[in-house]
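Q: To start, I am sharing the structure in question, which I have written as structure tokens.
The values are calculated or read from the model by the stated rules, or taken from the named source; none is laboratory data. Owing to the predicted nature of the structure, the values given are computational and were not obtained by experimental measurement. Heads up, the Cβs are rebuilt from the backbone with ideal geometry, glycines too, and the neighbour counts pull from every protein chain shown. In case anyone asks, the SASA skips ligands and DNA or RNA and just uses the protein heavy atoms, side chains included. Shrake-Rupley method; radii C 1.70, N 1.55, O 1.52, S 1.80 Å.
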Amino acid sequence: MAPPELLAFLRPKATDGRLPQWTAWWDESDVAPMFPDPQTRSDVSAEQPRLPLSYYEESIPVPDGWDDAACGYLLFGPPYEHAAQDARDRGWAVDQVPGLHLHQLVDPDAVAARIVAMVDGWCSPAG
């Protein structure tokens, strides 16, 4: 689930095999800009589980052909450029809405519109 460099970052944060809520993994100065306002931050934080470290150590089997159907990747920012390139290499549609990790909370209308536009490009009306 996680690359070795992320696991190395996460292991020291675990207590009794569980990680803190993910927003506590990072400095507040990095996390706060991902949220549109303090109330949204509070709401999201209240719903976060403390996942076991073992979740991130797992390897998930992927069946052949899982991505043969129309797929897409919506990129928000540079930290995910590698994932976007992987999507391009698979032949997926890739689009971008500039933002941070939780941009769907900051500008849900723009994110939804871009996803709809991507899907519309894959589908034609039944007729």
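Q: For segment 1-69, give the magnitude of the charge dipole about the Cα centre (Cβ charges: +1 Lys/Arg, -1 Asp/Glu; no others), in debye to the nearest 20. Before the final figure, lay out the partial values.
A: Working: 5 positive and 13 negative charges, 79 e Å.
Dipole size: approximately 380 debye.
Q: Pop out the carbon and sulfur fraction of the accessible area of the chain as a percent, whole number, probe 1.4 Å.
A: Of all accessible area on the chain, carbon and sulfur atoms account for 56 percent.
Q: Now for a separate question. Please list the equivalent ellipsoid semi-axes of segment 13-83, computed as the square roots of five times the alpha-carbon gyration tensor eigenvalues, in descending order and whole angstrom. Don't skip to the answer; put the middle values down first.
A: On the way: eigenvalues 146, 84, 28 Å².
For segment 13-83, the ellipsoid semi-axes come out as 27, 21, 12 Å.
Q: Placing +1 at every Lys and Arg Cβ and -1 at every Asp and Glu Cβ, with all other atoms neutral, what dipole size does the chain have around its Cα centre, in debye to the nearest 20? Could you put the intermediate results ahead of the total?
A: Details: 8 positive and 20 negative charges, 41 e Å.
Dipole size: approximately 200 debye.
Q: Moving on to the next point. Hand me the chymotrypsin sites (Phe, Trp or Tyr not before Pro) from segment 10-48 located in a DSSP loop with no more than 12 other Cβ atoms within 10 Å, in residue order please.
A: Numbers: sites: W22, W25, W26; in loops: W25, W26.
Filter output for segment 10-48: empty list.
Q: If you don't mind, there's one more thing I want to ask. Using the heavy atoms of the protein chains and a 1.4 angstrom probe, tell me the accessible area per residue for the chain in square angstrom. Intermediate results must be reported in sequence, preceding the final value.
A: Numbers: 8550 Å² over 127 residues.
Here the per-residue accessible area is 67 Å².
Q: Could you tell me the ratio Rg/Rh of the chain? Both radii from Cα atoms, Rh via Kirkwood.
A: 1.01
Q: Which value in deg cm²/dmol, rounded to the nearest 500, describes the helix-derived mean residue ellipticity at 222 nm for the chain, given -39,500 (n - 2.57) per DSSP H run of n ≥ 4 and division by the residue count? Mind showing how you got there, number by number?
A: Values: 7 runs with 54 residues, N = 127.
About -11000 deg cm²/dmol.
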